[in-house]
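Just below is one structure, and these are the notes that go with it.
The values are calculated or read from the model by the stated rules, or taken from the named source; none is laboratory data. Since the model is a prediction, treat every value here as computed from it, not as a measurement. Virtual Cβ from ideal backbone geometry, glycine too; neighbours counted across all protein chains shown.
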């Protein structure tokens with residue numbers, strides 16, 4: 001209800017916001033209010049998605065949770081990118097921030113907290129390998145290759161290359177969904193839980209039918225997307241006013257949307273359900289790349305807006321380092337505290353490059 005009230009005021013009386021944009025203090029307070037409302041909406045969406053997820057079981061449940069949150073992220077980026085001042089780097093910065101935030105920040109925190117409570121944790125190696133064999137080539141093709149192509153100037157792609165990359169993203173993500181949910185579901189289930197004496201924790205009881213939770217997913221999702229669109233202009237204004245890097249906008253978008261879902265992943269690691277953490281975190285990265293690319297390319301081609309895809313050399317180094325470290329971490333039969341600490345250090349390096 002709060003989100004609808006805030007959205008109603010912004011849509012009905014847009015001129016009331018104008019005085020807030022003139023003062024830096026009021027602008028910060030206004031953005032904090034919007035961020036708080038958006039985060040509360042995202043938490044509510046995760047709650048209803050998790051209720052449906054427990055009814056569906058693995059891996060369908062985690063897939064639903066991932067698609068619900070990633071779908072919102074993609075819609076937000078598409079809406080913000082297609083309106084207002086041109087933001088050619090927004091999609092690139094958001095996807096890069098998602099990879100860094102999830103594979104370093106949230107994965108590192110999950111591994112660290114899980115190790116503090118359980119010392120070492122196990123998961124199905126085949127699931128991590130299946131995710132990474134998709135994530136590594138997709139991220140390199142989308143975020144690195146455009147920097148080195150010769151058909152266009154700058155970190156961009158030609159129309160033919162964009163169309164090909166869109167079809168590739170849709171096709172390869174579709175193949176993965178069939179692989180995950182039809183051909184090899186057992187790869188994404190922690191089958192060794194009983195042997196390790198972990199058992200299977202009872203899922204939280206949720207009242208209401210699946211239809212009720214599905215309806216609330218939509219009802220909470222629509223205001224969230226519209227509020228994020230309303231936040232784009234004041235956020236750009238604040239970033240320009242304080243001289244912050246343009247990548248901050250993509251980082252804020254990623255944090256707002258991914259935090260509630262990643263909290264669920266961290267809770268799973270704390271409860272010794274590391275397999276579910278792996279499914280949620282790696283699934284969100286893969287879905288973010290696989291769904292964002294065709295949508296933003298479609299928006300770019302339809303509106304004629306420039307789309308910057310390739311990263312700068314420092315970001316390429318961080319991306320490659322993150323992918324290699326994730327491959328090493330998730331190739332081991334057990335995770336431990338050291339692995340989580342390394343990923344958190346990489347996340348710190350990412351933040352250093354963003355702000356300096």
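Here is how the numbers come out for the structure above:
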item	result
Residue among 301, 282, 321 that is buried (at least 24 other Cβ atoms within 10 Å of the Cβ) and in a helix (DSSP H, G or I)	282
Enumeration of residues in the stretch 143-190 that are under 26 Å from residue 323 (Cα atoms), in a loop (DSSP other than H, G, I, E, B) and modelled with pLDDT under 90	149, 150, 154, 155, 156, 157, 184, 189, 190
All positions within the stretch 165-174 that are surrounded by fewer than 19 Cβ atoms within 10 Å (Cβ to Cβ) and either closer than 19 Å to residue 304 by Cβ or touching a strand residue (DSSP E or B) at 6+ places or on another chain (Cβ under 9 Å) (or both)	166
Residue match in the stretch 105-125 (condition: closer than 30 Å to residue 342 by Cβ, surrounded by fewer than 17 Cβ atoms within 10 Å (Cβ to Cβ) and touching a strand residue (DSSP E or B) at 6+ places or on another chain (Cβ under 6 Å))	yes
Qualifying positions in the stretch 77-135 - within 23 Å of residue 249 (Cα to Cα) and not in a helix (DSSP H, G or I)	83, 84, 85, 86, 87, 88, 89
Condition broken by residue 66, with the remaining ones in (1) within 17 Å of the chain's Cα centre (by Cα); (2) farther than 30 Å from residue 270 by Cβ satisfied	(2)
